[in-house]
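Input: a single structure, listed below in structure tokens.
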Amino acid sequence: MIELRGYLTNLEKYNEGELIGEWVTFPIDEDEQDEIFKRIGIKNEYGEYFLEYFFTDYECDVPSVCDDLAEYSSIDNFNDLAEALESVDDEDLLAAAIELGGYDVMDIIENIDDYSLRTDINNDYDLGYEYIVEGCALDTPDYLENYIDYEAFGRDLRMDLYGAFTDWGWVERVG
């Protein structure tokens, strides 16, 4: 399971020169939120809790997931993202799809089945070879394989597909 955490900080105390906060693993419910607010002293003079907080740091197991978050994001934003992450089974696919880009993180998570990740394809040669030989794009006799420029074919193919080489391999949006 992908973990999303944020360091929830008391804004009033921060403005007074004190860093008082707590690491929170999301999602959290209202009762957990109230307990955290109590522990870090977020309340007004009447004992009511109010939104005097911000996030001094946040992190996730998958790179770039937090790119859409900011220090003044709401707890609801963190909860929504954490709940969406619970549905993702393949962290590498998510990371590669985010690296491919073009969509916000929530859209990628909601449409993760539209992405394909091939960890064995890492360059134009691999991509061309996969499509011609392994993918049977052409019925190529063995004696002609030495004459095929797999790298050039892969380069041309890469330009026609919505895909990219990432740290995790070849990712492509297929849906």
Calculated P(r) tail over 19 Å for the range 68-136, as whole % of Cα pairs: 48 percent
Using distinct alpha-carbon pairs, which all enter the 1/r mean, Kirkwood radius of the range 30-175 in Å: 18.4 Å
FRET efficiency estimate (nearest 0.05) - Cβ-Cβ, residue 142 to residue 7, R0 45 angstrom: 0.15
Extension gain, residue 59 back to residue 116 (0.36 nm per residue minus Cα-Cα distance, nm): 18.0 nm
Integer Hz, Karplus 6.51/-1.76/1.60 couplings in order for the range 25-39, x for Gly and Pro: 9, 9, x, 10, 9, 5, 5, 4, 4, 4, 5, 5, 4, 4, 5
Stokes-Einstein D in µm²/s, Kirkwood radius over Cα pairs - the range 4-86 at 25 °C with 0.890 mPa s viscosity: 188 µm²/s
Per residue, the convex hull volume that the Cα atoms of the range 114-173 enclose (Å³): 76 Å³
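We did not get these values from a lab; they are worked out from the coordinates using the rules stated. Every value quoted in this text rests on a predicted model; they were computed, and no experiment measured them. Note that each Cβ is placed from the backbone with ideal geometry, even for glycine, and that neighbours are counted across all protein chains shown.
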